[in-house]
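I have placed the structure first, in the form of structure tokens, so that the comments after it can refer back to it.
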Amino acid sequence: MKIVVTGTRGIPGIQGGVETHCEELYPLIADKQHEIIVVRRPYYAVDHSVKVYKQVIIKDIRVLRNKHLEAFIHTFLAVLYARKVKADIVHIHAVGPALMTPLVRLLGMKAVITHHGPDYDRDKWGKFAKWILRMGEKTGMYYANHIIVISEHIRRIIQQKYPDKKNITLIYNGINPVFPARSTEHLQSLDLTEYGYILAVGRLVKEKGFDKLIEAFKQLSPVSIKLVIAGDADYQDEYTQKLKEMCKEQKNIRLVGFIKGEKLAQLYTYARIFVLPSTHEGLPIALLEAMSYNCPVLASDIPANKEIGLPEECYFKSGDLSCLQQALKKQLENAQTERVSYNLSAYNWTNIAGQTKEIYNSLIL
């Protein structure tokens, strides 16, 4: 069985929730019965020489970089490539690229869609782009052979819109078992001390709410505590520039860019608090990662974050600067070096891979 994966920027080591999802999932599915090909946009690649990653084949297809059209054009070309290599299944991630689902079916292949969240709710899109994304969702839901949703919140959205759909399966995002970092070398390079900073992780886009976090931190001016934001933007837009301007000449704020591996592990291990101020999420892998390191967390009260089931004191009203300030102040007063134990049994990548493989098998075998 041959499965072509598209709708993602690619793997490995590429920033983004969908990208992390694919990087963790597909090596656990690839075997003699399941040939996995992930179609990548090569200009996002960290290492262009990587053409096979943990048994997963990587196929680079170039398109012109464009914030609005890139994903659609790339998915279109990926579907044509899938037909050329005689794929059995095309697995499309996200609702925008799902606009190409009818083409998959027209070319005689099975289509699986993973709905990572209502992207048309993201602040960065204009009215026309949001309409296209809604059409992608509608088209994908109608033509897909099977639909995967990554949270109960997304399943409720789909069932309310399409009450007759039966081919929907809830399969959560996952998290790997981790071991706390022992080294503090990266912390020292950033002039950070153990448990002496607040950490936020994610792309520098408006819906992540980092501007609110920076403003709340600046107004609190906590003594001897720093703010670290790990992440970057795909496009250096007005919002990205705004964040950089807000942090200019702020000695206690670090924008450290996109990092992974040991450097990120050190930041999670020794963070005093992890904060996720998003206004939009599917099921936030960064929050699950912080929890896997037993880090105290604070998150906005959007449905995707609430679904994780943290204690009420770990949430604040989304988009409300005053609530964020109060919650942050309280957490800083309470959180010291003590770590928190969380139940993450529902977010096991091995189980997630098994569930996904069952869907593939049901469509072909």
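Checked against (1) open to solvent by 40 Å² or more (accessible area, probe 1.4 Å); (2) farther than 29 Å from I147 by Cα; (3) assigned to a helix (DSSP H, G or I), V340 passes all but a single condition, namely (3). Taking the numbered list (1) of a type in the set (A, V, I, L, M, F, W, C); (2) touching a Ser or Thr at 6+ places or on another chain (Cβ under 9 Å); (3) not in a helix (DSSP H, G or I) in turn, A304 passes all entries but (3). Return yes or no: is T75 assigned to a loop (DSSP other than H, G, I, E, B) and open to solvent by less than 20 Å² (accessible area, probe 1.4 Å)? So T75 does not fit the description; no.
Among the candidates L287, L267, L283, single out the residue that is without any contact (Cβ under 8 Å) to a residue 24 or more places away in the chain, buried (at least 22 other Cβ atoms within 10 Å of the Cβ) and of a type in the set (A, V, I, L, M).
L287
The residues of segment 240-264 that are farther than 21 Å from Q325 by Cβ, assigned to a helix (DSSP H, G or I) and open to solvent by 10 Å² or more (accessible area, probe 1.4 Å), listed by number, are Q241, K244, G261, E262, K263, L264.
Checked against the criterion of being more than 26 Å from V95 (Cα to Cα), out of contact with any Phe, Trp or Tyr (no Cβ under 7 Å at 6 or more places or on another chain) and of a type outside the set (F, W, Y), segment 159-175 contains not a single residue that satisfies it. E307: open to solvent by 40 Å² or more (accessible area, probe 1.4 Å), in contact (Cβ under 8 Å) with a residue 12 or more places away in the chain, within 20 Å of the chain's Cα centre (by Cα) and closer than 26 Å to E338 by Cβ, yes or no? Yes, satisfied.
Identify the residue in segment 2-30 that is open to solvent by 30 Å² or more (accessible area, probe 1.4 Å) and modelled with pLDDT of 95 or more and, among all such residues, is nearest to A87 (Cα to Cα). Checked segment 2-30; the qualifying residue nearest to A87 (Cα to Cα) is K2. Residue under question is I157, and the condition is that it be hydrophobic (A, V, I, L, M, F, W, C), farther than 23 Å from N294 by Cβ and in a helix (DSSP H, G or I); does it hold? Spelling it out, I157 is indeed hydrophobic (A, V, I, L, M, F, W, C), farther than 23 Å from N294 by Cβ and in a helix (DSSP H, G or I).
Could you tell me whether A129 is in contact (Cβ under 8 Å) with a residue 40 or more places away in the chain and either in a loop (DSSP other than H, G, I, E, B) or open to solvent by 40 Å² or more (accessible area, probe 1.4 Å) (or both)? So A129 does not fit the description; no. Residue pairs whose Cβ atoms lie under 6 Å apart, sitting 6 or more positions apart in sequence or on different chains, and linking a residue in segment 24-35 that is touching a residue at least 12 places away in the same chain (Cβ under 8 Å) to a partner that is among the small types (G, A, S) and assigned to a helix (DSSP H, G or I), are L25/A353; L28/A353; I29/A353.
The values are calculated or read from the model by the stated rules, or taken from the named source; none is laboratory data. Quick caveat, the model's predicted, so the values are computed rather than measured. Neighbour counts run over all protein chains shown; Cβ positions are idealised from the backbone, glycine included. To get the accessible areas, we keep the full protein, side chains included, count just its heavy atoms, and leave off ligands, DNA and RNA. Shrake-Rupley method; radii C 1.70, N 1.55, O 1.52, S 1.80 Å.
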